[in-house]
Amino acid sequence: YLGNTILLQGLAGEYDRIFVDAASHFSVRDAAAVAGAPVTLYRHCDPADLAAHLRDQLRPGERPLVISDGVFPISGEIAPVPGYVAALCGYPGAILCLDDAHATGVLGAGGQGTVAYWCERDPVGFSNVSDLRIYSAHTLSKALGCHGGVIAADAGLIRRLRADAPAFGAHSPSPLPVA
């Protein structure tokens with residue numbers, strides 16, 4: 001549950017506005033609410049509505065962060081990531097974050113999640129991405145039957161998350177028998 005909060009806290013200072021799919025899980029909404037940036041909801045799984053909000057609400061030089069479930073737990077819908085990527089092209093410093101709690105172990109090669117799923121189906125949609133950064137938060141407690149979570153990022157961001165995300169320091173460690 002805290003993976004999205006940790007991710008957005010660790011990325012603080014790298015985005016100016018947050019755009020959230022209106023049907024996202026509470027963990028996504030809560031993360032956006034505590035991130036300290038203005039939040040806009042866009043229509044569920046609607047890249048065109050997202051693009052309209054980006055055009056209407058971003059001021060020159062502002063950097064957007066878009067966050068969505070990768071797989072929506074109630075409906076089973078898969079976020080239209082190639083459409084989100086297209087909407088974010090042209091916004092330097094844009095970030096796309098996915099809550100892959102319900103995609104981990106289920107979608108993509110080896111269960112790697114939503115981005116892997118779409119890269120297999122639409123590799124061209126990711127070929128013109130210049131400086132768009134894509135991150136995902138995964139849980140180990142659903143398809144993998146374990147405890148805890150993972151944020152897929154490079155070592156530099158992981159160090160920052162550990163140092164700068166207050167939610168990381170406040171989390172409970174895995175119980176020893178589970179570890």
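The values are calculated or read from the model by the stated rules, or taken from the named source; none is laboratory data. Since we're looking at a predicted model, the values are computed, not measured. A quick note on method: Cβ atoms are made from the backbone with ideal geometry, for glycine too, and the neighbour counts reach across all protein chains shown. Accessible surface areas use protein heavy atoms only, side chains included; no ligands, DNA or RNA. Shrake-Rupley method; radii C 1.70, N 1.55, O 1.52, S 1.80 Å.
In table form, for the structure just shown:
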quantity: Within region 1-51, tally of residues that are part of a loop (DSSP other than H, G, I, E, B), basic (K, R) and under 14 Å from the mean Cα position of the chain (by Cα); calculated: 0
quantity: Residue check, Q57 within 17 Å of the chain's Cα centre (by Cα) and polar (S, T, N, Q); calculated: no
quantity: Some residue of region 13-34 being among the polar types (S, T, N, Q), touching a residue at least 24 places away in the same chain (Cβ under 8 Å) and in contact with a Gly (Cβ under 9 Å, 6 or more places away or on another chain); calculated: yes
quantity: Qualifying residue in region 10-26 (condition: under 17 Å from L132 (Cβ atoms), crowded, with 19+ Cβ neighbours inside 10 Å and at pLDDT below 95); calculated: yes
quantity: In region 52-76, residue farthest from K142 (Cα to Cα) [restricted to those that are open to solvent by less than 20 Å² (accessible area, probe 1.4 Å) and among the aliphatic types (A, V, I, L, M)]; calculated: L54
quantity: So P38, is it touching a strand residue (DSSP E or B) at 6+ places or on another chain (Cβ under 6 Å), surrounded by fewer than 15 Cβ atoms within 10 Å (Cβ to Cβ) and at pLDDT 95 or above; calculated: yes
quantity: Residue, farthest from C97 (Cα to Cα), within region 52-70, restricted to residues that are outside any helix (DSSP H, G or I) and hydrophobic (A, V, I, L, M, F, W, C); calculated: L58
quantity: Residues of region 77-104 satisfying the condition of being open to solvent by 10 Å² or more (accessible area, probe 1.4 Å) and under 13 Å from H44 (Cα atoms); calculated: E77, I78, P80, G83
